[in-house]
Every structure is written in structure tokens, then in C-alpha cells.
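Colleague: Take a look at this one; I'll ask things after.
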Amino acid sequence: MNYFRKLMYVFSALFFGLTMFAQENNNLNVYAITNVNVVPMDKEEILEDHTVLVENGRITAVGPSAAIQLPPNTVKIDGQGRYLIPGLTEMHGHIPGEDRPQYVEDVLFLYIANGVTTVRNMLGNAYHLKVRDRVERGELPGPKIFAAGPFFSKDLAPTPEAANREVRRQKEAGFDLLKMGSIDKATYGQMAKTAKEEGIPFGGHIPVEVGLTGALDAGQRSIDHYDRYVEFLVPEDAKTEGVSAGFFGSGLMLLIDKSRIPEAVRRTVEAGTWNVPTLSLIEHLASPEPAAQMIKWPEMKYMPQDVLEGWVNFKNDYSKREDFKPEATKALVELRRELTKELHDSGAQIALGSDAPQFFNVPGFSLHSEMEMMVTAGLTPYEVLVTGTRNPAFYFDTPEEFGTIEPGKRADLLLLNANPLENISNTQKIHALIVNGKLYDRETLDRRLLEIERN
Ligand SMILES: [Zn+2]
């Protein structure tokens, strides 16, 4: 070998080494989960003794273990006796603001440590777009983020003209969703029209003047918390004078006519609007368990003290409110379970969301509580998992991207120690997970969780 060729050889070896190093830093490792029970979630089945190959953050092969060839340098994860499911989506999550960067990092990690690999951030500003992009680039461990912009309130959009401008501004800024709050009817109409032109979805609450059918007719993409369903169930001739709707209609519960449920369900199915139930939001608030007791739940140790205090104060104040009558809130919880079952069985679109971190919902942990509540409402564990895996991918119009375990999909994967189809609480038994191309084993997750506990 002459000198020049030798030099070339050294250079190319160096270049190759640098490439490998870069790959390592970009989490472009090759992983294989071997001999695992795959729960693919495209239909209700378990593929026994399968191997799933992950390259550059994508699933590249799924097949019987004996048939899958592993490239050299594959990192193997033993899946024997374990269950592999797609990552979960929190469709109503919140990421804190820029005044608390450490809390933001902790919340992002709490999501992924619980298997939440996608979050629809239901309120935000330009800062959250930066967080979204930093996570995407692998600079910050966290779930994939879909970012809603600032809340459409009467302050933000006092007139149709203001709504028109604000929709265009949020679309231009790069937000993925317009978050609905309380705006007047004409402003809502203009917002919906401009949003349609701009191709940006709107979802969240429904302004009281617009009501359930108004939102369905306008093409609202999602209704969160079953907002305005209670109002729809109150017959027109009911004596509502002087009655305040209160928290999600709790004040109206004694006036509703349940024979109107099928009509509400039928119109929802026809409109194709999604519901994100957030059962836990209301169940936590309505539960007879004292707030001081609730903040002793094991997952509470990961939350900042002032956040816990805020939750305690809110629940204590709420229990003194005029519209809080234990009987009515109990009926509200039951109605919401009934709606969940009826909407689901009638073919309405449902996506999993708990509203974290609000009211005793610790990010990530609360999504598992939400799933248990949906099982209590009458869905099977498989049906609940559909709402948290495949359905969100359809909500975002990207079913080819994620939500099931198939070649070509994003490798958002949870390796569980037990079968989630037998018992939904088995989704909490996470042995390892892959998100954004990176593997987190139990030890890594626990180490970081301990840090958050100490923060
Ligand atoms: Zn929320």
C-alpha cells in the first residue's frame, strides 16, 4: 500500500468512525425485541414468539423470531414472556410554561416513563413550538408533541375580525391546533371558516352559545371533557332560570333527560367529531376522597409542592361551591361513563386523554388511571388501548406514521411484563421502552424518576 492509499484508508476509517459516533448521538441505533408477544393493535390478536426490528427510530421488520435476520451490532432486548404494545398517546396533555424549565423537562420525562410517546399539548405559545422541535431533534427526552396555540377566549378573539387574524397567525406560527374556549357565536363561526381555509383543526371546549350541535355542524375536530353534552340533554322546556351550569354541567344534572342521549350520540357519529373524554378530570374532582388524602398517592412525589397545593385548594374550594352537590356530581360521573360506552359502541370516534397535569393528574400516570376508568365504563382493555394507540394516529390523519406495530411505523414501543389485554393495569408494568429512536430500560427510567422525585 503506497503512502497516499494508506492516508486515504486512515481518512475513510476516521470518517466511518465519525459517522458511527454521529449515529450514536442521534440515537440511530439498531434494536431488536426478540421472542416477544407482539400486540400489534391493528386487530385484536397476539403474535407469539415474534421479533421486532427497529432501525433509525422506525420499525423495519416484524415476524416470527426464527425468520428475522438481525443486522450486525443490533442491540437485543429479551422479550421472552413479555408483551410489546405501541406507545400511548395523551390526547389532552399540558406542558408547563417557559418560566419553569426544570418542571418542563420533568413533565416530559414523566410522560415517556409511563409509556406516553405522543402528547397533544392542549394549550401553548411560541415556547412550546421550540420544545416540540427540540424533542423532535433528540435534544430533550420526551414524547412527540402536537402543539395547540393560545386559548380562543373573548380576550384573544373579541370579534370575528380578530378571530380571522388570530387563526392565520397561529397557523403561520406553526401550531398544530386551535384551542377553543369561550368566544361568541359569530366569532366562533368566523374562526371555523378561516380554520377550514387555512387547514388547521380546532378543538377543546365549546362556547356556551354555540352548543354541542353548533360545534358538530362547524366541524370541530375534537370535543374535550364531553363539554356541552349535559346542556344538550336538558330539554328545552326545563326550568333553567337561575340555575348555573357549573363545572361541566354538574349544576344541570337534576334537569337532564337521558332519553336524549341517543340523539346526542347519533349526531356525534354523523359529524365524525372526536371525543377526548378526560374521565379522570371530573372523577378526581367529584370523588368523596379528601384532597389531602389524594396528594398522598404514590405518583404525587413527582409533582412540585406548589402544584399539589393548588390542586388541594381547588378541590376544597370546589366542594363549597353552589353547583357542587354530591348527588349531582355522582350523577355526572355516571353519565360520563354512560356516554363513553354509548358513543364507543355506536362507532363515535374516541381518543384517550386525561388532562394532565390538572387536578391530581400526574403526567403519564394519569393516563393509566384514565384507561382503568374507561374499562369501568364498559370498554374492554383492547378497546381502551385502541383509543390510546391507533385512534390518535387516525385523529392526526397519519395512520401510516404510528399507532400500531407494523414495518414503516415510528418505533414508539412499550415492552410490558404482563398481558395488557387481560388486565389494563398491566400497561403500567413497563420493562423498557423506545421513543424517538432511543431505548430506555427500567434502570434508566428509575434513575431519572428518582431525580425528579428529589427536584
Ligand atoms: Zn386541559
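Colleague: Tell me whether the stretch 54-77 contains one or more residues that are touching a residue at least 40 places away in the same chain (Cβ under 8 Å), open to solvent by 10 Å² or more (accessible area, probe 1.4 Å) and either within 16 Å of the ligand (Cβ to nearest atom) or within 30 Å of residue 275 (Cβ to Cβ) (or both).
Modeller: no
Colleague: Same structure, new question: Just to be sure I understand, how many residues within the stretch 124-155 are over 13 Å from the mean Cα position of the chain (by Cα) and within 16 Å of the ligand (Cβ to nearest atom)? Steps first, answer last, please.
Modeller: Initial filter on the stretch 124-155 (over 13 Å from the mean Cα position of the chain (by Cα)): 124-141, 149-155.
Add one more test, that the residue is within 16 Å of the ligand (Cβ to nearest atom), and what stays is 124-125, 128, 149-153.
The qualifying residues number 8.
Colleague: Take residue 89 and tell me if it is surrounded by 24 or more Cβ atoms within 10 Å (Cβ to Cβ), within 16 Å of the ligand (Cβ to nearest atom) and not in a helix (DSSP H, G or I).
Modeller: Judged against the criteria, residue 89 is a match.
Colleague: Could you list, ordered by first residue, the pairs with Cβ atoms under 9 Å in which the first is in the stretch 276-290 and within 9 Å of residue 354 (Cβ to Cβ) and in contact (Cβ under 8 Å) with a residue 12 or more places away in the chain and the second is open to solvent by 10 Å² or more (accessible area, probe 1.4 Å) and among the β-branched types (Val, Ile, Thr), at least 6 apart or interchain?
Modeller: Once the first residue is within 9 Å of residue 354 (Cβ to Cβ) and in contact (Cβ under 8 Å) with a residue 12 or more places away in the chain and sits in the stretch 276-290, its partners that are open to solvent by 10 Å² or more (accessible area, probe 1.4 Å) and among the β-branched types (Val, Ile, Thr) give 279/333; 279/376.
Colleague: Further question: Name the single residue, out of those in the stretch 199-223 being closer than 27 Å to residue 374 by Cα and among the hydrophobic types (A, V, I, L, M, F, W, C), that is farthest from the ligand (Cβ to nearest atom).
Modeller: Selected residue: 216.
Colleague: Related question: Is it the case that the stretch 224-231 has a residue that's outside any loop (DSSP other than H, G, I, E, B), within 16 Å of the ligand (Cβ to nearest atom) and under 30 Å from residue 196 (Cα atoms)? Working first, answer last.
Modeller: Just the residues of the stretch 224-231 that are outside any loop (DSSP other than H, G, I, E, B), to begin with: 224, 229-231.
Now narrow it down to the ones that are within 16 Å of the ligand (Cβ to nearest atom): 224.
Keeping just the survivors that are under 30 Å from residue 196 (Cα atoms) gives 224.
Checking the stretch 224-231: at least one residue is outside any loop (DSSP other than H, G, I, E, B), within 16 Å of the ligand (Cβ to nearest atom) and under 30 Å from residue 196 (Cα atoms).
Colleague: What are the residues in the stretch 338-366 that are under 29 Å from residue 96 (Cα atoms), away from the ligand (no atom under 16 Å from the Cβ) and open to solvent by 60 Å² or more (accessible area, probe 1.4 Å), if any?
Modeller: Listed by number, the list holds a single entry, 349.
Colleague: Suppose we keep only residues that are under 16 Å from residue 172 (Cβ atoms) and more than 24 Å from the chain's Cα centre (by Cα) within the stretch 197-214. Which one would you say is surrounded by the fewest Cβ atoms within 10 Å (Cβ to Cβ)? If you could, list the steps in order and put the result at the bottom.
Modeller: Initially, the stretch 197-214 is screened for residues under 16 Å from residue 172 (Cβ atoms), giving 197-202.
Retained after the next criterion (residues that are more than 24 Å from the chain's Cα centre (by Cα)): 197-198.
On the way: 197: 12, 198: 14.
Step by step, filter the stretch 197-214, then rank; the result is 197.
Colleague: Please work out if residue 257 is in contact (Cβ under 8 Å) with a residue 12 or more places away in the chain and assigned by TED's automatic domain parsing to the domain that holds residue 326.
Modeller: Criteria met by residue 257.
Colleague: If I filter the stretch 215-256 down to residues being of a type in the set (D, E, K, R) and more than 30 Å from the chain's Cα centre (by Cα), which single residue comes out as nearest to residue 351 (Cα to Cα)?
Modeller: 236
The values are calculated or read from the model by the stated rules, or taken from the named source; none is laboratory data. Please read all numbers here as calculations on a predicted model, not as lab measurements. Methodologically, a virtual Cβ is constructed for each residue, glycine included, from the backbone with ideal geometry; neighbour enumeration extends over all protein chains shown. Just so you know, the surface numbers come from the protein's heavy atoms only, side chains and all, with ligands and any DNA or RNA stripped out. Shrake-Rupley method; radii C 1.70, N 1.55, O 1.52, S 1.80 Å.
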